[in-house]
1. Quickly run through the stretch 106-123 and pick out the residues that are outside any helix (DSSP H, G or I) and at negative phi.
2. So, in the stretch 137-177, of the ones that are acidic (Asp, Glu) and over 24 Å from the mean Cα position of the chain (by Cα), which residue ends up modelled with the highest pLDDT?
3. Step by step: first the residues of the stretch 230-250, then only those that are among the hydroxyl-bearing types (Ser, Thr, Tyr) and surrounded by 22 or more Cβ atoms within 10 Å (Cβ to Cβ), then the one that is nearest to Ala210 (Cα to Cα). Which residue is that?
4. So which residues in the stretch 376-422 are within 20 Å of Ala242 (Cα to Cα), of a type in the set (D, E, K, R) and touching a helix residue (DSSP H, G or I) at 6+ places or on another chain (Cβ under 6 Å)?
5. Does the stretch 207-229 contain at least one residue that is assigned by TED's automatic domain parsing to the domain that holds Ile83, part of a helix (DSSP H, G or I), within 23 Å of the chain's Cα centre (by Cα) and buried (at least 18 other Cβ atoms within 10 Å of the Cβ)?
6. Taking the residues in the stretch 254-304 that are of a type in the set (Ser, Thr, Tyr) and crowded, with 20+ Cβ neighbours inside 10 Å as candidates, determine which candidate is nearest to Ala323 (Cα to Cα).
7. With the condition kept exactly as written, say whether any residue in the stretch 178-191 is closer than 15 Å to Val116 by Cβ, among the aliphatic types (A, V, I, L, M), modelled with pLDDT of 95 or more and not in a loop (DSSP other than H, G, I, E, B).
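The values are calculated or read from the model by the stated rules, or taken from the named source; none is laboratory data. All values derive from a computational prediction rather than experimental measurement. Glycine gets a Cβ as well: all are built from the backbone with ideal geometry, and neighbour counts include every protein chain shown.
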Amino acid sequence: MESQTEAFQITGGRPLVGEVTISGAKNSALKLMAASLLAVGKSTITNVPDIADVHIMEELLTRLGCSTKYEPSAQIVTIDVPIAPGHRADYDLVRKMRASINVLGPLLARVGEVEVALPGGDAIGSRGIDLHIKGLTDLGAKARSEHGFVIATAPNGLNGARIELDFPSVGATENIMTAAVLAKGTTVIDNAAREPDVVDLGEYLVAMGAKISGLGTPVITIIGVDELTPTTHATLPDRIVAGTWAFAAVMTRGDITIHGGRIDHLEVPLDKIVEAGAVVTSTKDGFRVKMDKRPIAVDVATLPYPGFPTDLQPFVITMNSIAEGNSLVTENVFEGRFMFVNELQRLGAQIHVDGHHAAISGIEHLSGAPVAATDIRAGAGLVLAGLVSDGVTTVEDAFHIDRGYPGFAEALKSLGAQVERI
């Protein structure tokens with residue numbers, strides 16, 4: 001699946017013009033697949049993107065005893081869950097994909113024990129799982145970490161509790177929610193994550209028979225039920241991919257209609273794009289971004305939803321690097337995100353990083369050079385940087401980009417970009 005040798009080769013200088021259709025959200029689809037473990041029988045999830053991580057999650061569920069079938073052309077995954085699934089998620093899979101940690105809550109709730117290798121995934125900072133463990137402990141689990149595994153047991157079942165999160169962690173909110181749906185009594189998650197992915201997962205659980213209120217707000221209340229039943233659910237569109245195309249239109253002075261993009265999930269980033277000089281208009285099934293001049297630099301600070309998403313930070317930095325004026329981008333979520341700046345500097349970007357601030361002085365054009373992707377969004381950001389660079393840019397380690405963007409090169413070509421997989 002991974003081919004370290006593949007790269008994107010981009011020749012810059014062309015505006016992106018045309019239409020794209022947004023696939024289902026990676027961050028949602030993987031969590032929905034994991035949550036299927038909560039109900040015995042066959043669940044169906046639609047609008048599932050054909051990306052490497054989906055195949056890894058499929059393999060993980062298969063090893064846990066489920067029968068899974070993914071149809072890439074139809075973007076449908078069916079998961080048939082046995083009465084007694086396995087409870088161990090091994091390192092060889094978990095290291096490839098952080099979302100594996102999302103089997104923690106469902107397995108604890110269903111079988112009362114779970115062993116999950118500590119996750120890998122992207123190199124964007126120390127995303128510890130202490131909040132997950134604290135939440136599950138509050139519900140009555142005994143949890144410990146040993147030999148690189150998180151081991152949690154609930155010999156007497158789980159009991160509802162009031163859980164206050166120090167930080168609105170998406171993963172912790174999801175794991176607590178999926179554990180609490182089958183716990184005895186009522187659970188209240190205070191300072192819960194409000195991301196659309198969390199809401200999507202909650203709506204899936206409700207369709208399975210869970211009792212959940214407050215989705216999309218900082219306080220989620222869950223009343224435990226005895227069992228859940230399988231259902232069919234459509235994954236929500238990927239707001240990060242939609243945001244990526246929006247920034248691509250601005251940077252290249254293009255005009256892109258984004259079908260399936262939801263303005264209501266991207267209010268802060270789209271406000272920033274308008275501030276940079278673009279015109280954003282709503283369409284019947286998405287939105288359109290049009291830009292006919294050099295962007296104006298904008299200041300951004302990343303924050304949990306509904307703030308500016310950390311996953312779009314590489315794109316605003318890339319845009320600011322060719323914008324008019326100086327800007328400051330502050331990273332408040334993942335301290336490792338700025339690793340990408342070193343690669344952007346190889347293309348001539350004038351960026352000075354100090355702690356969690358990046359000060360950027362815009363220049364007219366970047367200049368093509370070989371660079372390497374360090375994570376999904378950094379990789380896509382470097383491809384977009386190549387589009388606004390003189391000459392040829394090669395972005396190595398293309399497999400990172402494949403983990404979040406199905407058919408990225410093809411979509412770029414359809415918009416007029418000069419890009420090849422090599």
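1. Matches in the stretch 106-123: Glu113, Val114, Glu115, Val116, Ala117, Leu118, Pro119, Gly120, Asp122, Ala123.
2. Out of the qualifying residues, it is Asp138.
3. First pass over the stretch 230-250, keeping only residues among the hydroxyl-bearing types (Ser, Thr, Tyr): 231-232, 235, 244.
Adding the requirement that they be surrounded by 22 or more Cβ atoms within 10 Å (Cβ to Cβ) leaves 235, 244.
On the way: Thr235: 18, Thr244: 34 Å.
Looking at the filtered set, the residue picked out is Thr235.
4. Across the stretch 376-422, the qualifying residues are Arg377, Asp402, Arg403.
5. no
6. Restricting to residues being of a type in the set (Ser, Thr, Tyr) and crowded, with 20+ Cβ neighbours inside 10 Å, the top hit is Thr302.
7. Applying the first criterion (closer than 15 Å to Val116 by Cβ) to the stretch 178-191 yields 178-179.
Filter once more, so that each one left must be among the aliphatic types (A, V, I, L, M): 179.
Filter once more, keeping what is modelled with pLDDT of 95 or more: 179.
Right, trim to not in a loop (DSSP other than H, G, I, E, B) and you get 179.
Yes - at least one qualifying residue is present in the stretch 178-191.
Residue-by-condition table, conditions (1) under 30 Å from Ile258 (Cα atoms); (2) over 24 Å from the mean Cα position of the chain (by Cα); (3) surrounded by fewer than 19 Cβ atoms within 10 Å (Cβ to Cβ); (4) not assigned by TED's automatic domain parsing to the domain that holds Leu412:
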| position | (1), (2), (3), (4) |
| --- | --- |
| Leu61 | no, no, no, yes |
| Gly65 | no, yes, yes, yes |
| Tyr70 | yes, no, yes, yes |
| Ala74 | yes, no, yes, yes |
| Val103 | no, no, no, yes |
| Pro106 | no, no, no, yes |
